[in-house]
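Below: the structure, in structure tokens.
The values are calculated or read from the model by the stated rules, or taken from the named source; none is laboratory data. Since the structure is predicted, the reported quantities are computational estimates derived from the model, not experimental observations. Backbone-built Cβ (ideal geometry, glycine too); neighbour counts: all protein chains shown.
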Amino acid sequence: MKNNLFGEFNPVNAQQWNEKIIQDLKGADYEKTLISENIEGIKIYPFYSPESLNKFNITEQLPGEFPYLRGTEQKIPKQIIREDFVVNDFEKANKKAHLLILKGVNSFGFIIEKPFKDIDDFSKLFQDINLSETEINFISNYNHNLILSLLIDYIKINEINPNTIFGSLNFDPIGNKTISTKESDNSDFDYSQELNTLFKQDINFIPNFKLLTVNASHFKNAGSSSVQELAFALSVGVEYLSNIQAKNPGSFAPRILFKFGITSDYFTEIAKLRAARLLWAKIIEAYQTHSLEESKMNIHSETSEYNKTIYDPHVNILRCTTEAMSAIIGGTNSLYIKPYNTTFEASNEFSERIARNIQIILKEESHFNQFTDPAGGSYYIEYLTEKIAEKSWNLFLEIEGYGGYSTAFDKGFIKENIELLTNKRDENFALRKEILLGINQYPNQKEQAKVQSKKSHKTDNKLIKVYRVAEKFEEIRQKTERSKKRPKVFLFTIGDAIMQKAGAVFSENFFACGGFEIIKNPSFKSVKEGISKARKSKAEITVICSSDDEYPDIVPVVFEQMKEQTIIVVAGYPKNSINALQNFGIKHFIHLNSNIIKELALFQKELGI
């Protein structure tokens, strides 16, 4: 490291790189060709350099140093492998927990469906579990005060060192109000009494146990951007602190757990978690707390449901893997990977094992437990971190301008803000500008769904809609599968070899997304040969795949001879001849700007599906 290996080379600055790029483009527009904008509204450039870092001097920051952008710990933190499961029988849940500990789990999310009655129930759940080595989290929509009280009693009765107890309560009344009709129907809903009753318990007895959870994952599961998710999470966290009746509410910041959803937007998710720690640290610093240690953000991450699918469900495993990597590299304190099949059925031993082993492989084989902030210093990720921090902060201030999260929510701002983005994203998926493998591109044509796609809950007034972006595609395809006869699509490939192949691949993917049967063919030597084969196939739809220059000669002949037997479709948008073809009677053109959901629905209607 003492020798400068590149000392003989002159340094190259950003301007020189740009000049070289412009030269290589040979007159093409630089911005239109190489600069894009992601869903966060952040411009993505073709290269990054030290000049890309405007505000963050990363070389002067170390992990564990305020404002904790690079992580909250100086030492390499313990990798927390969490698994959530339903508890409706305390003894059975205890047995499952013991098995999971043997399989590498060191954190549990107990989804309490059967309420605790007394300390005996509590003891049954935790019998012979070493709470000093196992993190415990309670996911319940009620009895938070009782759960906390029982936990404290259990620790005292069993003489456990309370400083070794880590975990959380999923007490999040604002989050419940955001997605649950029960609270949202009442704009006067007041949780402050329950909140302060909770904090009046002997909370100092278990200093490392989190009493509040900000479920920012609700926003990600509703299709929000990382900027929105982070801004809303910060606003909810500030509102909780503002409602705690104490001289210095900021001192209660360490008792809050932030739960973020992680999608497949790999680098953005890394940057989001880094920006989250930075902004929260700055917010808590403003409370003038006793110690900067109190401004450390506690982050739990879980894989999002927004991008998971019913079709080709094993692809969900790949999505979860990259999401887990993003969360760990971003510095999450704990992580839960949802089993790949939870979108359409209850998880089972196999799917839970696969999800769990993703983390264990990352830990034991990829050595993700042996570093802190490996992304630090990456020009691109530092740039993303800075931009996400800026945009999230501006949105946070806008929410505060309404008077805080609850007021902004009641006025419809939160829902409207998310829907502006999700409407755009839904359209991007329908136009296949964003790809969901196996759903809107490259579907498995031999597959049939095992279950029906669940429609999102209907929302009115202010509720945000938690949904999966694949739902509309799945409903279209399942509608085809339920029909008496699966429609056939005949690919009429003729003419220019390159263009016909491109049209055929495009058309195959297009109609396969709707569950149609595709009949592929070699290139036809003549229109007559193609018509003969098409008639024999008895296909309900015939897609002519050729070039724009050849369509005026081919399409009218095929249409005239086959219009009574099949729906004629042109693969492409031949600008010079489209008006003439439409005047001739051609109604259907599929191309890059076609909304696949709307088009497939029209074909289904025309076929009586």
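Starting from residues that are among the hydroxyl-bearing types (Ser, Thr, Tyr) and part of a loop (DSSP other than H, G, I, E, B), keep the ones in the range 59-111 and report whichever is surrounded by the fewest Cβ atoms within 10 Å (Cβ to Cβ). Spell out how you get there, then give the answer.
First, the residues of the range 59-111 that are among the hydroxyl-bearing types (Ser, Thr, Tyr): 59, 68, 72, 107.
Restricting the remaining residues to those that are part of a loop (DSSP other than H, G, I, E, B) gives 68, 72.
On the way: 68: 24, 72: 21.
Checked the range 59-111; the qualifying residue surrounded by the fewest Cβ atoms within 10 Å (Cβ to Cβ) is 72.
Can you name every residue in the range 308-342 that is surrounded by fewer than 24 Cβ atoms within 10 Å (Cβ to Cβ), in a loop (DSSP other than H, G, I, E, B) and of a type in the set (S, T, N, Q)?
341, 342
Filtering the range 23-51 down to residues that are touching a residue at least 24 places away in the same chain (Cβ under 8 Å) and of a type in the set (A, V, I, L, M), which residue is nearest to residue 424 (Cα to Cα)?
It comes out as 39.
Search the range 353-382 for residues being in contact with a Lys or Arg (Cβ under 8 Å, 6 or more places away or on another chain) and of a type in the set (D, E, K, R), and hand back the single one that is modelled with the lowest pLDDT.
Restricting to residues being in contact with a Lys or Arg (Cβ under 8 Å, 6 or more places away or on another chain) and of a type in the set (D, E, K, R), the top hit is 373.
Within the range 497-575, considering only strands (runs of 3 or more DSSP E) that don't extend past its boundaries, which have at least 3 residues that are touching a helix residue (DSSP H, G or I) at 6+ places or on another chain (Cβ under 9 Å) and closer than 30 Å to residue 450 by Cα?
Numbers: elements: 517-519, 541-545, 567-571.
Filter on the range 497-575 gives 517-519, 541-545.
Looking at the range 474-487, is at least one residue among the acidic types (Asp, Glu), in contact with a strand residue (DSSP E or B) (Cβ under 9 Å, 6 or more places away or on another chain) and surrounded by 20 or more Cβ atoms within 10 Å (Cβ to Cβ)?
Of the residues in the range 474-487, the ones among the acidic types (Asp, Glu) are 474-475, 481.
Still in the list and also in contact with a strand residue (DSSP E or B) (Cβ under 9 Å, 6 or more places away or on another chain): none.
Checked the range 474-487: no residue is among the acidic types (Asp, Glu), in contact with a strand residue (DSSP E or B) (Cβ under 9 Å, 6 or more places away or on another chain) and surrounded by 20 or more Cβ atoms within 10 Å (Cβ to Cβ).
Out of 128, 121, report the one residue that is exposed (fewer than 13 other Cβ atoms within 10 Å of the Cβ) and within 18 Å of residue 154 (Cα to Cα).
Values: 121 fails: exposed (fewer than 13 other Cβ atoms within 10 Å of the Cβ).
Of the residues listed, the single one that is exposed (fewer than 13 other Cβ atoms within 10 Å of the Cβ) and within 18 Å of residue 154 (Cα to Cα) is 128.
What pairs can you find where one residue is in the range 73-98 and aromatic (Phe, Trp, Tyr), the other is assigned to a helix (DSSP H, G or I), and their Cβ atoms are less than 6 Å apart, with a gap of 6+ or different chains?
Matching pairs, first to second residue: 90/121; 90/124; 90/125.
For the range 254-270, give me the residue count where each residue is buried (at least 24 other Cβ atoms within 10 Å of the Cβ) and either over 14 Å from the mean Cα position of the chain (by Cα) or modelled with pLDDT under 95 (or both).
Looking only at that region, the number is 2.
Determine, yes or no, whether residue 350 is aromatic (Phe, Trp, Tyr), out of contact with any helix residue (DSSP H, G or I) (no Cβ under 7 Å at 6 or more places or on another chain) and either modelled with pLDDT of 95 or more or not in a loop (DSSP other than H, G, I, E, B) (or both). Quick ask: steps written out before the conclusion?
Details: aromatic (Phe, Trp, Tyr): yes; out of contact with any helix residue (DSSP H, G or I) (no Cβ under 7 Å at 6 or more places or on another chain): yes; either modelled with pLDDT of 95 or more or not in a loop (DSSP other than H, G, I, E, B) (or both): yes.
Considered against the rule, which asks whether it is aromatic (Phe, Trp, Tyr), out of contact with any helix residue (DSSP H, G or I) (no Cβ under 7 Å at 6 or more places or on another chain) and either modelled with pLDDT of 95 or more or not in a loop (DSSP other than H, G, I, E, B) (or both), residue 350 comes out as yes.
Quick one: is residue 269 touching a residue at least 24 places away in the same chain (Cβ under 8 Å), touching a Phe, Trp or Tyr at 6+ places or on another chain (Cβ under 6 Å), in the same structural domain as residue 389 (by TED's automatic domain parsing) and not in a strand (DSSP E or B)?
Working: touching a residue at least 24 places away in the same chain (Cβ under 8 Å): yes; touching a Phe, Trp or Tyr at 6+ places or on another chain (Cβ under 6 Å): no; in the same structural domain as residue 389 (by TED's automatic domain parsing): yes; not in a strand (DSSP E or B): yes.
Spelling it out, it is not the case that residue 269 is touching a residue at least 24 places away in the same chain (Cβ under 8 Å), touching a Phe, Trp or Tyr at 6+ places or on another chain (Cβ under 6 Å), in the same structural domain as residue 389 (by TED's automatic domain parsing) and not in a strand (DSSP E or B).
Filter the range 272-307 down to residues that are assigned to a loop (DSSP other than H, G, I, E, B) and at pLDDT 95 or above and give me whichever is surrounded by the fewest Cβ atoms within 10 Å (Cβ to Cβ).
First pass over the range 272-307, keeping only residues assigned to a loop (DSSP other than H, G, I, E, B): 287-291, 296-297, 304-307.
From what is left, the residues that are at pLDDT 95 or above are 296-297, 304-307.
On the way: 296: 22, 297: 27, 304: 25, 305: 20, 306: 22, 307: 25.
Filtering the range 272-307 for residues that are assigned to a loop (DSSP other than H, G, I, E, B) and at pLDDT 95 or above, the one surrounded by the fewest Cβ atoms within 10 Å (Cβ to Cβ) comes out as 305.
Considering only residues that are acidic (Asp, Glu) and surrounded by fewer than 21 Cβ atoms within 10 Å (Cβ to Cβ), look in the range 178-235 and name the one that is modelled with the highest pLDDT. Give the steps one after another, and end with the answer.
In the first step, residues of the range 178-235 are kept if they are acidic (Asp, Glu); the result is 183, 185, 188, 190, 194, 202, 229.
When the remaining residues are screened for being surrounded by fewer than 21 Cβ atoms within 10 Å (Cβ to Cβ), the result is 183, 185, 188, 190, 194, 202.
On the way: 183: 57, 185: 50, 188: 60, 190: 77, 194: 87, 202: 91.
Filtering the range 178-235 for residues that are acidic (Asp, Glu) and surrounded by fewer than 21 Cβ atoms within 10 Å (Cβ to Cβ), the one modelled with the highest pLDDT comes out as 202.
With the checklist (1) out of contact with any Gly (no Cβ under 7 Å at 6 or more places or on another chain); (2) outside the structural domain of residue 78 (by TED's automatic domain parsing); (3) in contact (Cβ under 8 Å) with a residue 24 or more places away in the chain in hand, flag the one item residue 416 doesn't pass.
Evaluating residue 416 over (1) out of contact with any Gly (no Cβ under 7 Å at 6 or more places or on another chain); (2) outside the structural domain of residue 78 (by TED's automatic domain parsing); (3) in contact (Cβ under 8 Å) with a residue 24 or more places away in the chain leaves (3) as the failure.
Any residue that is among the aromatic types (Phe, Trp, Tyr), closer than 21 Å to residue 477 by Cα, in contact (Cβ under 8 Å) with a residue 24 or more places away in the chain and buried (at least 21 other Cβ atoms within 10 Å of the Cβ) - is there at least one of those in the range 546-567?
Let us first name the residues in the range 546-567 that are among the aromatic types (Phe, Trp, Tyr), namely 551, 559.
Subset that is closer than 21 Å to residue 477 by Cα: none.
Within the range 546-567, none of the residues are among the aromatic types (Phe, Trp, Tyr), closer than 21 Å to residue 477 by Cα, in contact (Cβ under 8 Å) with a residue 24 or more places away in the chain and buried (at least 21 other Cβ atoms within 10 Å of the Cβ).
Please state which one of 159, 91, 133 is acidic (Asp, Glu) and farther than 16 Å from residue 206 by Cβ. Break it down stepwise before answering.
Working: 159 fails: farther than 16 Å from residue 206 by Cβ; 133 fails: farther than 16 Å from residue 206 by Cβ.
It is 91.
Which members of the range 46-70 meet the condition of being modelled with pLDDT of 90 or more, within 24 Å of residue 231 (Cβ to Cβ) and out of contact with any Gly (no Cβ under 9 Å at 6 or more places or on another chain)? Talk me through it step by step, then tell me what you get.
Our first condition is that a residue be modelled with pLDDT of 90 or more; within the range 46-70, this holds for 46-48, 63-70.
Add one more test, that the residue is within 24 Å of residue 231 (Cβ to Cβ), and what stays is 66-70.
Across the range 46-70, the qualifying residues are 66, 67.
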